[in-house]
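Encoded as structure tokens, the structure appears first; notes follow it.
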Amino acid sequence: MADKNRWIALNVLCVGMLMIVLDVTVVNVALPSIQDDLGFSQSTLAWVVNAYLISFGGLLLLFGRLGDLLGRKNVFMVGLAVFTVASLVCGLAQTQWLLVVARFVQGAGGAMTSAVILGMIVTMFQEPREQAKAIGVYAFVASAGGSVGLLAGGVLTQSINWHWIFFINIPIGIATAAVAQRVLPRDKGLGFAQGADIPGAALVTSALMLGVYTIVKPAADYGWGSGRTLGLGAGALALLVAFVVRESRARNPIMPLRIFRSRNVSGANLVQALSVAGMFGMFFLGALYVQRVLHYDALQLGFAFLPVTIIMGTLSLRYTERLVTRFGARNLLVPGMALIALALVLFSLAPVNGNYVQHVLPTMILLGTGAGLAFPALMTLAMSGATPEDAGLASGLVNTAAQVGGALGLAVLATASTTRSHHLIQAGKPTLSALTSGYHLAFLIGAALVLAAIAVAVTVIQPPEKAAAERHAADPAFDAA
């Protein structure tokens, strides 16, 4: 594949990923307008977000592996078509049920598209420095796109109406598909010569969907100790155990367990889940602090988080690949996450009468710097132990870790924040003071999760030379692959 076409292909993949990432946060900004227009209650409104999260998080792993089997370009193109058509239906929706169903389908299309992107990148860019640069671009889009979504959602919702947060995907999706058809390399895929692991696919999809549903619905509504939450959680865990047993015996497993032989792959995915769990709460609850306590409108909120995007973009696009090449992904990961933890601790000190320059901007600067260093390094490590045949699976796995970690982290942090604020209000504290105190607790829990991720990175992830030696000893054919 020509060098120029590879970089064009990378841009196409990243535009596809940006469209998916934007959709998560752009909808959050428009929720009040959607509620007023379609008559959602407060409880049913959550399904506009939850329907997307359940299908997206539940199908990532399956579609990542299907990319290996059927060809990653094929899965990417189908996912792009599904996402674009579902966006059109979302924009046209005039009833609650149609919007929720279309959001579920949109999440499935997003899972198809995003599950295979990282796998395509690491197979197109195999030279270490080029791969580090390409992953840096991808990491910037995947991580900073959320704050761009806040700004885009505010602009579209306030200047036109909420329907356009979905309509804007249509020309982007069509243009991306047209260019992708020409520049993305065609990969044949492994095929189903040894049979399709349909039971394994059903088990892992059911386990992940039930798990995400348990996190975003019963746990949020009834608490973590309720019988409904514990029962559904146990059901998801049982399905996951059955899946692992199935994969250890299947002739052609949907998820070969050999991928977990690499300590760096396993460790990086655990670090991904923990660090995203900590950061996700900051974005969601930090946005609530800026809106409810500092009284910013939707557009001001988007600009408030813009420094994160600018700093991450500058680091990821210009410097991260040089730093990864010089110091190694492992040595870059820990300092980056330490800055993220520091940002969360600093945000926990923001007062009720805070101002942006003194109490919010420093947090955004630290967060953008930390994420710009940590996430490209983390994704490099997560893909480092996967063979070319398993690249789609590894890509789906790292995205699944992020989605499940984000959903779990948000549920835990939001519950802790709400409970703390509720108790303080009952005790007679002013509402704004109680809300701020609840956010502070959530930020500190988020910092603790990131510190746990640092501990895993230090103890589990190995230097590249040692990881390569152990990988070769376990599977001499790996390097040849």
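We did not get these values from a lab; they are worked out from the coordinates using the rules stated. All figures in this text were calculated on a predicted structure; none of them were measured in a lab. As a convention, Cβ positions derive from the backbone with ideal geometry for all residues, glycine included, and neighbour counts pool all protein chains shown.
If we count every other residue with Cβ under 12 angstrom of Arg228's Cβ, Lys/Arg +1 and Asp/Glu -1, where does the sum land?
Net of charged neighbours comes to 0.
If you fit an axis through the alpha-carbon atoms of helix 391-426 and take the longest principal axis of the Cα set of the chain, what angle between them do you get, 0 to 90°, nearest 10?
Its long axis makes an angle of about 20 degrees.
Using only helices, what value at 222 nm comes out for the chain when you add -39,500 (n - 2.57) per DSSP H run of length 4 or more and divide by the total residues, to the nearest 500 deg cm²/dmol?
Theoretical 222 nm ellipticity from helices: -27500 deg cm²/dmol.
With Cβ to Cβ distances under 11 Å as the rule, what net charge do the other residues near Ile54 carry (K, R +1; D, E -1)?
+2
Only one of the values (1) 48, 23, 21; (2) 33, 25, 23; (3) 32, 29, 24 was calculated from this structure for semi-axes √(5λ) of the Cα gyration tensor in Å; name its label.
Label (2) holds the value from this structure.
Evaluated at 4 °C with a viscosity of 1.567 mPa s, what Stokes-Einstein diffusion coefficient in µm²/s does the range 209-346 have when Rh comes from the Kirkwood expression over alpha-carbon pairs?
68
Please give the helix 72-92 orientation as an angle from the longest Cα principal axis of the chain, in degrees from 0 to 90, rounded to the nearest 10.
The angle comes out at about 20 degrees.
Please give me the summed charge of the neighbours of Leu332: other residues whose Cβ is under 11 Å from its Cβ, Lys and Arg +1, Asp and Glu -1.
The answer is +2.
Straight-line reach from Lys188: which lysines have Cα under 24 Å away, leaving out those fewer than 8 places along the same chain?
Those lysines meeting the cut-off are Lys4, Lys73.
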